[in-house]
Each structure stands twice: as structure tokens, then as C-alpha cells.
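What follows is calculated from the coordinates using simple rules that are stated; it is not laboratory data. What you see is a predicted model; the values in this text were computed from it and never measured. Virtual Cβ from ideal backbone geometry, glycine too; neighbours counted across all protein chains shown.
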Amino acid sequence: MINALSYTFIGIGIFFWFWGTFPLVGHRSVLFKLHTLSVADTLGSMLIIVGLLLKIPSEWPLLILGIITLAIWNTVLGYVLAYSSSTGGNDE
């Protein structure tokens, strides 16, 4: 049962990885594309790590650290991108 649940989380995580790449070929703004890709990749990566946590619970400290690092890194990166895009063309 744990193996099936683990593979389910890993499969859903891989689905989110691919789902986040499809808007890249659309006609929306670059920031929308980056936001969609970032959210989908973060969620997908976290689900994959949860699946690994179920599969190898002896490595829980490193896997929890990975989840926390993903959450912090992608949040900070989003703020940096938003700030950069809002002040990019103003050289005054």
C-alpha cells in the first residue's frame, strides 16, 4: 500500500512538471509563463520528495530539508523576478 501511494505521489509530481511546461508555448506574457512554470515545478518537486519520503523514511531529515529549501528558494526567486520586472525599464 505504501509503495502504491509513493508511486502515486511521484507520478503526480512528474505530471505537474510536464503541466507547467505547456504554457511556455502560449501567447501570454513572460511573467505569466515563468509564474506557471515555477509553481508547477515547485509543487511537482515537493510531491516527488513526499513520494520518496514514503519510500525511504530513514532519510526523512534530508527530504524535509529539501522540501523547505524548495519552498523558500522559489518564494524568494518569485519576489526577485517580480521586482526586476517592475523596475527593469526605469533608469531614472
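Some values worked out for this structure:
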{"item": "Packing-based exposure ordering (other Cβ within 10 Å, fewest first) of LEU54, LEU47", "result": "LEU54, LEU47"}
{"item": "Binned Cα-Cα distance frequencies in the chain - 10 Å width, integer %", "result": "16, 36, 28, 14, 4, 1, 0"}
{"item": "Chain lengthening between PHE18 and LEU70 when straightened (0.36 nm per residue, less Cα-Cα)", "result": "16.9 nm"}
{"item": "Gain in span if fully extended, LEU5 to PHE32, counting 0.36 nm per residue against the direct Cα distance", "result": "6.5 nm"}
{"item": "Cβ-based exposure ranking for HIS35, HIS27, in which fewest neighbours within 10 Å come first", "result": "HIS27, HIS35"}
